[in-house]
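Below: the structure, in structure tokens.
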Amino acid sequence: MRFQWDTIEASRGGFNFAPFDFLVNWATTNGKKIRGHTFVWDQQLPSWVTAINDAPTLTSVLQNHITQVMTRYKGKLYAVDVVNEHINEDGSIKSTHWTQVLGNNAFTIAFQTARQVDPNVKLYINDYNLDSNNAKVQGIVRLVKQLNANGKLVDGIGTQMHLSAGGAGGAQAALTALAAAGVDIAITELDIAGAAAADYQSVVKACVNTPQCVSVTVWGVRDPDSWRPTTNCLLFDSNWQAKPAYTGIVSVLSAGATATPTTPAQSPTTTTTTTPASSPTGGGGSGAAGHWDQCGGIDWPGATTCVAPFTCTELNPWYFQCL
């Protein structure tokens, strides 16, 4: 469930819980697990948040936001993506409004606050392009170890896995490398262009073969409702009919995976499933946005062009993305 700032706290202290209450009530009534998403992200922030440039005020605002949301849904969430998309392709920390004002303390503040409110929920850091044992994977493992050095704050790493057709080959190496952080691993936003059964099976097998991999979440149900609607990337077609990928996953989960887990390499591989940005993204409209990054929308202050060969595509008036 997406706890986006511009919806839930569009004005400071003015919380709109109605649409989220509806979803939480439906899920709990129907026995569904709920994953919350997200608190520290550089997108869909209202202008009043990005206007705060002093650390004490932004700290207070972040703590209050997390406390209000986590208190309202305490005991109803099984996991929360506390931090989202804050690692660059080279493994360094991304420059966002949060890190520009608070530095890496933004992460510590957020995880500590969430933990204080609900000690039982699983707290995750989530990111994309963690699809092979690459520099970004090594960077997020390094960050998690740093955050957990003085006591466990981060319970898990979420890897989104928005894959191209045939792009599942690095999944096992990636999950094995992520497991070196000593936390749970979850595949959080899986979709694969073309939805080939073999691709989906490879990813699910990789998870089953990795003891630390605790869940696989597909990012949508029907193809036409996907955020990538022209790629036919999900498990059900427009008529709600299960595709071969769905039955392929069922067979993997029923039989159990038999492939031998890949031993993590000592240095990052060069295989990737998407093209990284070659110039800075976001922030003041300079540079070009990378694949999957936001590139426009109402009040968007960042880059409005994409690195080649991607196109800035309108998903809704508030959110354009490089696809």
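Of all the residues in the stretch 16-54, those that are farther than 21 Å from V83 by Cβ, open to solvent by 40 Å² or more (accessible area, probe 1.4 Å), touching a residue at least 40 places away in the same chain (Cβ under 8 Å) and in contact with a helix residue (DSSP H, G or I) (Cβ under 7 Å, 6 or more places away or on another chain) number 0. Hey, can you tell me all the residues within the stretch 102-116 that are surrounded by 19 or more Cβ atoms within 10 Å (Cβ to Cβ) and without any contact (Cβ under 8 Å) to a residue 60 or more places away in the chain? L102, I109, F111, T113, R115 - these are the residues of the stretch 102-116 that are surrounded by 19 or more Cβ atoms within 10 Å (Cβ to Cβ) and without any contact (Cβ under 8 Å) to a residue 60 or more places away in the chain. Here is the figure for the stretch 200-213: residues that are open to solvent by 20 Å² or more (accessible area, probe 1.4 Å), of a type outside the set (S, T, N, Q) and in a helix (DSSP H, G or I) total 2. Out of Q201, Q138, one residue alone is of a type in the set (S, T, N, Q), under 21 Å from F111 (Cα atoms), in contact (Cβ under 8 Å) with a residue 24 or more places away in the chain and in contact with a helix residue (DSSP H, G or I) (Cβ under 9 Å, 6 or more places away or on another chain). It is Q138.
The set of residues from the stretch 2-15 being surrounded by 12 or more Cβ atoms within 10 Å (Cβ to Cβ) and of a type outside the set (F, W, Y) comprises R2, Q4, D6, T7, I8, E9, A10, R12.
If you go through the stretch 171-180 one residue at a time, do you hit one that is open to solvent by 10 Å² or more (accessible area, probe 1.4 Å), out of contact with any helix residue (DSSP H, G or I) (no Cβ under 7 Å at 6 or more places or on another chain) and more than 18 Å from N134 (Cα to Cα)? Walk me through it before giving the result.
Restricting attention to the stretch 171-180, the residues satisfying the condition of being open to solvent by 10 Å² or more (accessible area, probe 1.4 Å) are 172-173, 176, 179-180.
Adding the requirement that they be out of contact with any helix residue (DSSP H, G or I) (no Cβ under 7 Å at 6 or more places or on another chain) leaves 173, 176, 179.
Those still in the list that are more than 18 Å from N134 (Cα to Cα) too: none.
No; the residues of the stretch 171-180 include none that is open to solvent by 10 Å² or more (accessible area, probe 1.4 Å), out of contact with any helix residue (DSSP H, G or I) (no Cβ under 7 Å at 6 or more places or on another chain) and more than 18 Å from N134 (Cα to Cα).
The values are calculated or read from the model by the stated rules, or taken from the named source; none is laboratory data. Bear in mind that the values here come from a model prediction, so they are computed numbers and not experimental data. Note that we place each Cβ from the backbone using ideal geometry, even for glycine, and neighbour counts take in every protein chain shown. With ligands, DNA and RNA removed, areas are computed over all heavy atoms of the protein, side chains included. Shrake-Rupley method; radii C 1.70, N 1.55, O 1.52, S 1.80 Å.
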